[in-house]
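Colleague: A single structure is presented below for examination.
Where a number appears in this text, it was derived from the coordinates with a stated rule and is not lab data. Nothing here was measured: the structure is a model prediction, and the numbers come from that model. All Cβ positions, even for glycine, are placed from backbone atoms using ideal geometry, and neighbour counts span all protein chains on display.
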Amino acid sequence: MKIKLPAIGIALLLLPCAALAWSGDTWANITRATIKSNADLMIDSTWVPKNTFTNWEYTSSSSGLDVYRTYYQGTTYTGVPYSQGYPQENLAEFLNAVTNTAAVA
């Protein structure tokens with residue numbers, strides 16, 4: 001107990017300093033309507049991949065294994081799939097990636 005109390009005190013002193021030292025991305029204010037509009041656009045958009053590719057979907061809570069989905073060249077899909085490996089910032093970047101990127105072996 002004697003060791004834990006000073007460690008907690010030091011942590012409480014350092015945490016506010018770490019928060020003030022944030023130098024990551026800064027985001028502008030965004031309205032709820034803009035968020036909804038962006039989401040609707042990504043949900044309702046259709047796209048056709050230039051090449052067949054496989055993308056991570058999720059990790060199964062029951063087995064702990066990763067689940068993947070294959071998207072096939074020339075097939076029309078609706079909605080933007082989640083991407084961890086090469087995330088895009090917006091719909092235009094996503095569409096550019098799937099329609100112009102060569103297949104990855």
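Colleague: Each label point is 7 Å from the Cα along the Cα-to-Cβ direction; what then is the distance between the points at N96 and Y68, in nm?
Modeller: Distance between label points: 2.7 nm.
Colleague: Mind giving me the FRET efficiency for T31 and T76? R0 is 30 Å, r the Cβ-Cβ distance, nearest 0.05 is fine. Working shown, then result.
Modeller: Values: r = 31 Å, r/R0 = 1.05.
E between T31 and T76, to the nearest 0.05, is 0.45.
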